[in-house]
There are 2 protein chains.
Amino acid sequence: MKICTTYACHKFFATLANPTRLAIVEILMDSPKNVAQIAQALQQEQSMVSHNLKPLMECAFVFSEKKGRERVYSVNKELMEPLFHLIAFHESKYCPNGRICLTRKGMKLERMKEAQKTLYVNHE
Amino acid sequence: MKICTTYACHKFFATLANPTRLAIVEILMDSPKNVAQIAQALQQEQSMVSHNLKPLMECAFVFSEKKGRERVYSVNKELMEPLFHLIAFHESKYCPNGRICLTRKGMKLERMKEAQKTLYVNHE
DNA sequence: CTCTCACATGAAATCTTCTTCATATGAAAT
DNA sequence: ATTTCATATGAAGAAGATTTCATGTGAGAG
């Protein structure tokens with residue numbers, strides 16, 4: 001039986017394989033926020049936040065609700081909590097100090113350091 | 001506490017966000033195989049399989065062992081089984097017929113149909 | 001009804017990843 | 001020692017994704 005070779009499964013992972021979207025998920029874990037609040041928390045442009053919220057919505061990783069003039073986004077904790085616990089366990093077992101994972105081939109070093117400072121966090 | 005905005009977490013998802021690598025994981029769920037067997041099962045070139053096995057190894061999604069002249073790859077079921085169960089549950093809840101997920105903006109339709117036929121499976 | 005605020009969308013440029021083809025490596029067989 | 005088999009690696013072109021800037025939209029306030 002095929003479980004992971006579906007386009008839905010690819011989209012699931014592809015949507016989370018992005019530092020901006022992971023950061024959005026992370027700050028929504030704390031509390032629901034509107035677009036401007038997310039943008040401010042991430043120090044990113046509003047249009048970038050909107051662009052990245054779209055695939056998160058399509059995958060039901062976040063939900064949204066209109067409140068007056070704003071739109072408030074919240075995270076799907078039922079999915080995200082067990083998912084990140086699974087990853088945390090996996091990392092603690094196979095990537096204890098995070099060193100192996102801290103290089104990426106195509107990515108320019110300068111840009112990566114920038115990403116580390118802003119969106120990523122070094123887990124040492 | 002930061003749990004998902006690490007590069008390790010990004011790499012986790014990025015590695016699985018690829019049809020070839022998902023297909024490799026899937027056929028290894030059945031039984032361990034060497035590179036040539038994987039290539040044959042997927043109808044892909046050997047070098048492509050090797051290239052894609054590398055990130056899977058780095059993330060400890062697959063393991064390998066030398067056996068004589070071959071190298072036999074096996075999947076990390078401890079991780080993959082709960083991971084795909086989580087996704088299956090999520091999909092059953094939010095993507096019941098798979099329709100919403102079956103389009104992708106940037107992807108050329110022709111290429112997508114090809115991918116559907118070979119690597120992906122339409123879950124209807 | 002018009003203005004404005006909050007957000008979404010489009011398109012182009014840039015950046016990243018994937019695939020392919022050619023070649024390298026290394027261990028086992030002869 | 002040489003050949004051969006199994007797999008890995010490198011580099012370049014193609015394909016795909018992300019970001020940015022400009023603009024569009026629509027609901028609520030005045």
Exercise for the section: Among what's in segment A:3-23 and is under 10 Å from the mean Cα position of the chain (by Cα) and either at the interface with chain B (Cβ under 7 Å from one of its Cβ atoms) or part of a loop (DSSP other than H, G, I, E, B) (or both), pick the residue that is farthest from DNA strand C (Cβ to nearest atom). Expected result: A:Ala23
Problem - Any chance A:Ala36 is among the aliphatic types (A, V, I, L, M) and near DNA strand C (Cβ under 10 Å from one of its atoms) - result: yes
Completion exercise
Considering residues that are within 13 Å of DNA strand D (Cβ to nearest atom) and within 16 Å of B:Met57 (Cβ to Cβ), the number found within segment B:14-27 is 4
Exercise for the section: Report whether or not B:Ser50 is at pLDDT 95 or above, over 30 Å from A:Lys77 (Cβ atoms) and either at the interface with chain A (Cβ under 9 Å from one of its Cβ atoms) or open to solvent by 40 Å² or more (accessible area, probe 1.4 Å) (or both). Expected result: yes
Handout entry: Selection count, segment B:58-80, where residues are within 14 Å of chain A (Cβ to nearest Cβ) and more than 14 Å from DNA strand C (Cβ to nearest atom)
Key = 9
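The values are calculated or read from the model by the stated rules, or taken from the named source; none is laboratory data. From a predicted model like this one, the values you see are computed outputs, not experimental measurements. Glycine gets a Cβ as well: all are built from the backbone with ideal geometry, and neighbour counts include every protein chain shown. Just so you know, the surface numbers come from the protein's heavy atoms only, side chains and all, with ligands and any DNA or RNA stripped out. Shrake-Rupley method; radii C 1.70, N 1.55, O 1.52, S 1.80 Å.
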